[in-house]
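Taking it in order: structure first as structure tokens, then the write-up.
The values are calculated or read from the model by the stated rules, or taken from the named source; none is laboratory data. All figures in this text were calculated on a predicted structure; none of them were measured in a lab. Using ideal geometry, Cβ is built from the backbone for each residue, glycine included, and neighbour counts are taken over all protein chains shown.
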Amino acid sequence: MEDVYKSCPVLENDRYILTFVSMEDAPDLLKVYSDERSVPLFNSDNCHGDRFYYRTLDRMEEAIQFWIMEYEKKRYVRWTIFGKEKEEVVGTIELFHRDSTDYFNDCGLLRLDLRSDYERKEVITDILSLVIRNTWEGFHCQFIATKAVKEAGIRIEALNQLGFSPTDYKLIGHDGTEYGDYFVLTKTQE
């Protein structure tokens, strides 16, 4: 795979297409980020207090601008998830290589934000299967980590099915805050 920061890959299977986030996605993404049932499942760890709950198109566009700027700085990739069946945007995935002094060093940190009506086991496994196989080479990591809070039972089932295991290790934020509820997948488990 080419350097993801030179050319963001399009990832696709028979149900979903993942493309680099764009301003044209804003109206559909607002449906995701204004969904009060989804927000508690989002991973906002280490995001300077942003919970990713947006109620206006302007605020959604600001977030997209920020995501694009962070990509240009080579900090992370944020893909839009397009569902082929209903021809609509259903969420985003963020992924980046994390180097740190805590357990989550040399890690591909993955954030999956889905609209609540797509928070289903088969949807999550379908989308993550597409991303996982491209993570090792694209993000040069030894393992993938993603957060799933206890209330996200369906997501946890999907992660278990994909070979992820819960860990008691805490991710240490830039300000020293400890974050838990992480699941990890190593290359050998895939």
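Does LEU159 count as farther than 26 Å from ALA26 by Cα, surrounded by 19 or more Cβ atoms within 10 Å (Cβ to Cβ) and without any contact (Cβ under 8 Å) to a residue 60 or more places away in the chain? Break it down stepwise before answering.
Values: farther than 26 Å from ALA26 by Cα: yes; surrounded by 19 or more Cβ atoms within 10 Å (Cβ to Cβ): yes; without any contact (Cβ under 8 Å) to a residue 60 or more places away in the chain: yes.
Against the criterion (farther than 26 Å from ALA26 by Cα, surrounded by 19 or more Cβ atoms within 10 Å (Cβ to Cβ) and without any contact (Cβ under 8 Å) to a residue 60 or more places away in the chain), LEU159 qualifies.
Within the range 115-156, being among the basic types (Lys, Arg) and buried (at least 16 other Cβ atoms within 10 Å of the Cβ) holds for ARG115, LYS121, LYS147, ARG155. Within the set of pairs 6 or more residues apart or between chains, which connect a residue that is in contact (Cβ under 8 Å) with a residue 40 or more places away in the chain and buried (at least 19 other Cβ atoms within 10 Å of the Cβ) inside the range 68-88 to a residue that is assigned to a loop (DSSP other than H, G, I, E, B) and among the hydrophobic types (A, V, I, L, M, F, W, C) with Cβ atoms less than 7 Å apart? Close Cβ pairs (under 7 Å, with a partner that is assigned to a loop (DSSP other than H, G, I, E, B) and among the hydrophobic types (A, V, I, L, M, F, W, C)) amount to VAL77/VAL4; VAL77/CYS8; ARG78/VAL21; TRP79/VAL21; THR80/VAL21. Answer yes or no as to whether LEU185 is at pLDDT 95 or above and either under 20 Å from PRO9 (Cβ atoms) or in a loop (DSSP other than H, G, I, E, B) (or both). Spelling it out, LEU185 is indeed at pLDDT 95 or above and either under 20 Å from PRO9 (Cβ atoms) or in a loop (DSSP other than H, G, I, E, B) (or both). Of the conditions (1) part of a strand (DSSP E or B); (2) exposed (fewer than 13 other Cβ atoms within 10 Å of the Cβ), GLU24 fails just one. Which one is it? GLU24 satisfies every listed condition except (1). Inside the range 152-170, residues that are outside any loop (DSSP other than H, G, I, E, B) and of a type outside the set (Lys, Arg) make up a count of 11.
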